[in-house]
Structures are given as structure tokens and as C-alpha cells.
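First up is the structure itself, then whatever we jot down about it.
The values are calculated or read from the model by the stated rules, or taken from the named source; none is laboratory data. The model shown is predicted, which means the values in this text are computed figures rather than measured ones. Cβ placement follows ideal geometry from the backbone for every residue including glycine, while neighbour counts extend to all protein chains displayed.
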Amino acid sequence: LVRRNIIKLKRFVSKDLDGWPGSDANYILITEIVLMSLFLLLNASDTLLQARGVEHYAAHPTGNFIISQYLHPLINSVSNNGLEIIERGSWWLHIVGIFAFLNYLPYSKHLHIVLAFPNAYYAKLQPMGKMENMESIQKEVLYAMQPELAPTGEQAATPHKFGAKDVMDLGWKNLMDAYSCTECGRCSAACPANQTGKLLSPRKIMMDTRDRLEEVGKNININKEFKDDGKSLLHNYISVEELRACTTCNACVQECPVSISPLDIIIQLRRYLVMEESNSPQEWTAMFGNVENNFAPWKFSPDERDKWVEEMQ
């Protein structure tokens, strides 16, 4: 609390945490401090009542507690009845605070304490950073090479969409990733694009995905079904500049302690940009054209690939 709100170290200052995310983090820290203080006060009053030989407490000695014993001077002058009120009051306030905090979890980033384990359990077992080929593209290539395998009639349906534009186009694991994010910032700290001043922040990618999910959920609750609100994850939450800044180095995935993959969401959004909106830099367009026509990123005919060998002879 002191480091982030008073000292404000430069390396911890980030636009990602402006507004609600920063307030949420403060609420969580304050609640945890209050709950732990009540727990320490409970133990301190309990052990003091034991030392005074008060019935019931003396019959169940617990011994001294390493930290709570240092609170004895603060409450040593309190009567036995007063200590019992402090002990039982601390217990009740602590347990009520725990239950109240549990109700707050679904509205907070602290939901990660529930989802972190299943999210890590369902993480991909493939080599880190391996990109998934789109099934529709694989089939298109297969049918081009072997036309006899291509379906006909109703079976020859065209793909509904390439990539992802909104949260409805993402997989369930991507959505679980968004709710499992602890907002610790390790991904952004390791991101070379972020370190060099680019707009991209992997942490913001996950936070934006969760915010859009919340907005879609409210839309469904109000209208009983999703009604187009004219917004999408791409463009309204995550900009084109952010997506293009990603080098797909996989540093964000490697750094995440709960196996979240911001890169997977970035790739799916970029696929939509390129394949649905034809939105790509000129350099990319030239490279894509070369791959399509020459089967390589360079502008050389496939029939001339061996010419460089002849020049070396």
C-alpha cells in the first residue's frame, strides 16, 4: 500500500492499473490487513487469558505465538471480561469478514485464488509458444493438393469466420485465462515491446478481455440474450497498434505463474485483422503474397531455388 500509493516507485506506475483495477487492489490489501490483524488480536487475547489462569482458556493451553505475543503490552491492562470480549469479538469479526470477502471475490481480480489451479491444470502440454493451425485453412490446403477429397453440396460450407473479433469467438480456455489473471504484471515486465515503449501490455490484453466479458454478461442479463451493442474486443478494447507491436516471442507466456497465454488471444485477433479485414502493414502484405505465390517469404520463383548453389560451384 505504501509503496504503490505513497512512494509510487516509477517501475510500478502503469496506466493498466488506473481506475478500478488500482482501487480493487487496494481494497483487497486493506481487507487482508484487517483480517490478519483481527486474527493476531484473537490469539494475543487468548494466550493472555491462558496466562491469567481464566477457566476454559487455561484448560486448553496453546502456548505462545511468535507474532501475537508482541501484542500483549497493548491489551495487558484490560480486565478478564474485556479480554474475553476482545477475543470473541475478534473471532466473529474475522469469520464474518471472511464470508463477506468471499462474496466480493467474483467482482474482483482476487477470483484468481479459485481459478489459478484449474487454469494451470488445463494449460496446453504442447511446447510453449506453439501456434495452432486453423482447421479450415488446413482443409483448404489439403483440398487444393487433393481435389478428390473436397466435399460437395451442403458439406462444402465456407468457414464462418477466420480468427477472433470478440470474446464470443475465443475458446473457453482463453476466457478462463482472463478470469485467472492476477494482474501481477510479470508478463508486461518481460515483454520486449512494452520495455521499449510500445503500446502493447500483455496484462492489459487479459484485463481488456475480462472487461469485455463482463460487459457481454451484463448485456445478456438485461436482454435475456446478447444484443449487438456495436462494440467488440478488437478495436474498442484492444487496438491494432497493440496487436502489431507483439513479436510473438512468448516471454509473457513463460513468465505467467498460472499458465495464462496472452499470446493466444493476440494471435487470434491478428488473424481476424489480416484474413477478415485485410488490415496489415504493406511489408506484411508483400510477404504474404510471396508465401502464397512462391511458397517462401522471398520474391524468388520456386524453380530458381537451386541457382545459388550453381553460383558456388
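At a glance:
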| read-out | value |
| --- | --- |
| Top-ranked residue in the range 103-127 [being surrounded by 14 or more Cβ atoms within 10 Å (Cβ to Cβ) and aliphatic (A, V, I, L, M); ranked as farthest from the chain's Cα centre (by Cα)] | LEU105 |
| Flag if PHE300 is of a type outside the set (Val, Ile, Thr), modelled with pLDDT under 85 and on the phi > 0 side of the Ramachandran plot | no |
| Leading residue by the ranking (modelled with the highest pLDDT) among those in the range 53-66 that are farther than 17 Å from ARG88 by Cα and surrounded by 11 or more Cβ atoms within 10 Å (Cβ to Cβ) | PHE65 |
| Pairs with Cβ under 6 Å, 6+ apart, first in the range 88-114 and in contact (Cβ under 8 Å) with a residue 24 or more places away in the chain and over 18 Å from ASP46 (Cβ atoms), second buried (at least 17 other Cβ atoms within 10 Å of the Cβ) and small (Gly, Ala, Ser) | HIS112/SER180 |
| Set GLY185, GLY89, GLY163: member being under 30 Å from HIS56 (Cα atoms) and of a type in the set (Gly, Ala, Ser) | GLY89 |
| Condition check for GLU32: under 30 Å from TYR104 (Cα atoms) and of a type in the set (D, E, K, R) | yes |
| Residue in the range 189-200 that is hydroxyl-bearing (Ser, Thr, Tyr) and in a helix (DSSP H, G or I) present | no |
| Residue count for the range 8-19, restricted to those that are loosely packed, with under 14 Cβ neighbours inside 10 Å and assigned to a helix (DSSP H, G or I) | 4 |
| Tabulated pairs, the range 58-74, first closer than 18 Å to SER37 by Cβ, second outside any loop (DSSP other than H, G, I, E, B) and of a type in the set (S, T, N, Q), C-beta under 6 angstrom, 6+ apart or interchain | PHE65/ASN43; SER68/ASN43 |
| Qualifying residue in the range 87-104 (condition: among the polar types (S, T, N, Q), touching an Asp or Glu at 6+ places or on another chain (Cβ under 6 Å) and over 27 Å from ARG271 (Cβ atoms)) | no |
